[in-house]
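Right, one structure below, let's go through it.
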Amino acid sequence: MIKISDLRTRDVINVVDGKKLGSIIDIDLDLENGRVLGLVMPGHSRGFHIFSRREEVTVPWHKIVRIGRDVILVEVPVANEIDGYHRDYRIDDDRY
């Protein structure tokens, strides 16, 4: 069994391009059906101001390739194609 706190300490790596996506900041849950929908990670900042808002990116659970001791491997599009994974992405959308 894996605790959420254990997942947060692991780096998330994209197997498509080998880049580190960051660490998990949250987990997206479907409480009605009792399942994990995805992992939430920090995205790019909007603007250069110190108070600028940082977008969050959600990696859907089915895009996780492997959860290892130190890293979580995911298969998501490269950075310039990741727009569909921003936090406001809904589960009832046809792309899931």
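The values are calculated or read from the model by the stated rules, or taken from the named source; none is laboratory data. None of the values given here were measured: they were computed from a predicted structure. Note that each Cβ is placed from the backbone with ideal geometry, even for glycine, and that neighbours are counted across all protein chains shown.
Just so you know, in the range 1-32 the residues that are of a type outside the set (Lys, Arg) and in a helix (DSSP H, G or I) include one that is surrounded by the fewest Cβ atoms within 10 Å (Cβ to Cβ), and it is SER5. Does the range 32-52 include one or more residues that are modelled with pLDDT of 60 or more, of a type in the set (S, T, N, Q) and out of contact with any Cys (no Cβ under 8 Å at 6 or more places or on another chain)? Among the residues of the range 32-52, at least one is modelled with pLDDT of 60 or more, of a type in the set (S, T, N, Q) and out of contact with any Cys (no Cβ under 8 Å at 6 or more places or on another chain), which makes the answer yes. From the list ILE2, ILE72, the lone residue that is modelled with pLDDT of 85 or more and hydrophobic (A, V, I, L, M, F, W, C) is ILE72.
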